[in-house]
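All of the numbers you see were taken from the coordinates with simple rules; none came from a lab. Remember, it's a predicted structure, so these values are computed and weren't measured experimentally. Ideal geometry is used to build each Cβ from the backbone, glycine not excepted, and the neighbour counts take in all protein chains shown.
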Amino acid sequence: MTDSESLERAIHEAVALVPHDPQWSPLFKAERDRLLELFPTQLIQVEHIGSTAIPDIPAKPIIDILAGVESMATADSLYGPLLDSGYTTSDAFNATLTDRRWFMRYANGHRTHHLHIVVYGSSIWHQRLSFRDALRADPVLARQYALLKQKLATQYHSDREAYTRAKTDFVRSVVGDG
C-alpha cells in the first residue's frame, strides 16, 4: 500500500470500537515525550484525552492528545514542523476552526493519533480535561458513555463526523458548554 493509499484509507476509516488496551497510556507517553522534544518552548502542556485515556471503556484505537500553546498564532507556527514530523491535517477542516488546530498520524491505513492544539487554559482546554477527569472519577458515568459510544458506533459506522456530533449532548451534560 502506498502512503497516499494508506492516508486515504485512514481518512475514510469506519468507526470501530475495541476493548480498552493498557498499552494506550504508554503509547501516549511516548508521543507526548516526542512532541515535547520537538517543540520544547511552544508546547506548554500535553495531555492524554479521549476514550483511550479512560480505563475500562471501549474506544477507537486512536490516541487523542491535547497540546496547550500560548496562542493560536503559536499553533499555526507548528503547521509545517508537524507535517515534517509525521502528522497530516485537513486544511479545509482547520479553516473552519477558530479555537483549535487538528492533526492526525496514521500507519497502514489506520489512524494512530489525533493531536488537538488549543490555547492553554482556554475554555476548550478546560472542557476537554474536565470531561476526561469526570469519566475517570466516576465509573458509572464512564459506563454510560461507553454504552452510548457502542450504540452510536453501530448507528454511524461509516460516518465519523456524525458519530462525534451525536456524542455532543452527553459531553455537554457532563461539562456544560465550556
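Given Cβ point charges of +1 (Lys, Arg) and -1 (Asp, Glu) and nothing else, what value in debye, to the nearest 20, does the dipole of the chain about its Cα centre take? In total the dipole reaches around 520 debye.
If you take all other residues with their beta carbon under 12 Å from the beta carbon of Arg105, and give Lys and Arg +1 and Asp and Glu -1, the sum is 0.
When the charge dipole of the chain is built from unit charges on Cβ atoms (+1 for Lys and Arg, -1 for Asp and Glu) and taken about the Cα centre, the candidate among Ala162, Asn108, Gly121 whose Cα reaches farthest toward its positive end is Ala162. Taking N as the residue count of the chain, its C-alpha radius of gyration divided by 2.2 N^0.38 Å amounts to 1.00. Counting other Cβ atoms within 10 Å, keep those with at most 11, restrict to DSSP loop, and tell me which trypsin sites (Lys or Arg not before Pro) in segment 59-122 are left. Loop-located and lightly packed - none at all. Would you work out the relative contact order for segment 3-175, in percent, from Cα pairs under 8 angstrom that are 6 or more residues apart? With pairs under 8 Å counted, the relative contact order is 26 percent.
Note on Arg136/Tyr79: beta-carbon distance plugged into 1/(1 + (r/R0)^6) with R0 of 30 Å gives a FRET efficiency of 0.45. Model label points for Ile124 and Glu5, set 7 angstrom from Cα along the Cα-to-Cβ axis, are 3.5 nm apart.
Between Asp56 and Arg160, the simple spin-label model (points 7 angstrom out along Cα→Cβ) gives 2.9 nm. When +1 charges are put on Lys and Arg Cβ atoms and -1 charges on Asp and Glu Cβ atoms, the dipole computed for segment 101-178 relative to its Cα centre reaches about 220 debye.
In the chain, a dipole from Cβ-located charges (positive for Lys and Arg, negative for Asp and Glu) runs towards its positive end, and of Leu148, Ser90, Thr52 it is Leu148 whose Cα lies farthest in that direction.
Each label point was placed 7 Å from the Cα along the Cα-to-Cβ direction; for Leu148 and Ala95 their separation is 3.2 nm. Taking amide H as placed 1.01 Å from N in the peptide plane, the amide H of Asp64 sits under 5 Å from that of Ile49, Thr52, His114, each at least 5 places away or on another chain. Normalising the average separation of contacting C-alpha pairs (under 8 angstrom, six or more residues apart) by the number of residues puts the relative contact order of segment 86-178 at 20 percent.
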